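Nothing in this text is a laboratory measurement; each read-out follows from the coordinates by a stated rule. It should be emphasised that the depicted structure is a prediction, and the values quoted were computed from it without experimental measurement. Here the Cβ positions follow ideal geometry from the backbone for every residue, glycine too, while neighbour counts run over all protein chains shown.
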Amino acid sequence: MKNLYIILLCALSTLNSSAQNLVTNGDFEDSIHCPNNIYGSLVENAAGWMSMRGSPNYFHSCVDDTLGLFDVPSNGFGNQYPSSGNAYGGFYTYGNPAGGSENYREFMGTHLLQPLTIGQTYYVSFKISWATEGIYYPINWATNKVGARFSILPQNSLTSDPLPNSAHIYENSVIADSLNWSQVSNSFIADSNYEYVIFGNFFDAGYTTAISYGPTSLGAYYYIDDVCVTGTKSNCETWNSIGGIEPNISLKLYPNPVDDKLIVEMPQSGVYRLAIFNSQGIVVEQRNDKEIRHDEEFNTKEFENGVYWCGIFSYKRYVFNSFIVHH
């Protein structure tokens, strides 16, 4: 049974790789450690994420230390609830001009599930929120040019290389909204087999518009959440709207045994990948990235008698259930 389950999961998750979110922990929910005084606050505490310039941070509601500098919603940089779940990342997009560090930047990145294909169009989407008036750090600057840049190799967080003044996508408007999450999204055609995606402001002070909203400030800082890279535009829209299947739910199938028509009762409507497998793990029916109703019907009249599995996959969550075809 365990081997069959693994076969089903692998088959379902690869039904349509172009529609897959290539960022494994785009909502920052999977934690290695809670960011606190013991484990520190670096984004490495979020599974799959790494610092690629400076020291970007990880914020989570699990924080229980007295300072609460990396707590959610109130923390050292500002006050914001996650766009989804209980966590998000954060980085500086501009240094303190008075301190002579206006080109200070922080980047965070992650290894993609698979390399990009040269010549294919990819869609990138993520949400940012301006951090200001934090409980510890005086952050009052806001900037534009927050974006994403792809790379074949990871970047060393200790690098002092000049900023490239280019990115695959970026926001050209200054984002100074600390109440809401602002979505940054665009598409590009891959010119290399990139394996990493990096987020931050890749432009120096000469190419960045920075606005001060207070008398003193350490620079400009932004939270980031709901990151998506995919070959299908609607797939990023799905991740940013429904946030996946809720955990600990069941997939109801009836009648069971079934003769000619199977009803799949969904926990919620939405855009998912839905598939039926035979006992060898071979897909016999599938519906990819379409609007799935609360009750979805499958014609099983041509199915051979035997045991089958129905599976649904959305983002990182999946649910399976079995049924019997008997004519």
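With neighbours defined as other Cβ atoms within 10 Å of a residue's Cβ, the residues ILE169, ILE211 order from fewest to most as ILE211, ILE169. Amide H contacts of GLY40: none lie under 5 Å away among residues 5 or more positions distant or on a separate chain (H built 1.01 Å from N in the peptide plane; Pro and chain starts excluded). Restriction of the chymotrypsin sites (Phe, Trp or Tyr not before Pro) in the stretch 120-221 to DSSP coil positions whose beta-carbon has at most 12 other beta-carbons within 10 angstrom yields TYR136. Residues ILE276, ILE189, ILE263, ranked from the fewest to the most other C-beta atoms within 10 Å, line up as ILE189, ILE263, ILE276. Distant-in-sequence amide contacts of THR24, defined by a placed amide H-H separation under 5 Å and a gap of 5 or more residues or a different chain, comprise LEU113. Each label was represented as a point 7 Å from its Cα along the Cα-to-Cβ direction; for THR216 and ASN305 these points are 8.2 nm apart.
Footprinting exposure proxy ranking of SER83, SER182, SER166, SER125, fewest other C-beta atoms within 10 angstrom first, gives SER166, SER182, SER83, SER125. Partner aspartates and glutamates whose Cα lies under 20 Å from the Cα of LYS233, excluding those fewer than 8 positions away in the same chain, are identified as ASP27, GLU171, ASP191, GLU195, ASP225, ASP289, GLU291.
Here is the result for the stretch 129-214: no GluC sites (Glu not before Pro) lie in DSSP coil with at most 12 other C-beta atoms within 10 angstrom of their C-beta.
Other residues whose C-beta falls under 13 angstrom from the C-beta of GLU302 contribute a net charge of -2, scoring Lys and Arg +1 and Asp and Glu -1. Take 222-233, 300-311 and order them by the average number of nearby Cβ atoms within 10 Å per residue, most first; the result is 222-233, 300-311. Given their separation in residues at 0.36 nm each and the Cα-Cα distance between them, LEU67 and GLU297 gain 77.5 nm when the chain is fully extended. The label point for PHE188 and the one for ASP259, both projected 7 Å from the Cα toward the Cβ, are 5.8 nm apart.
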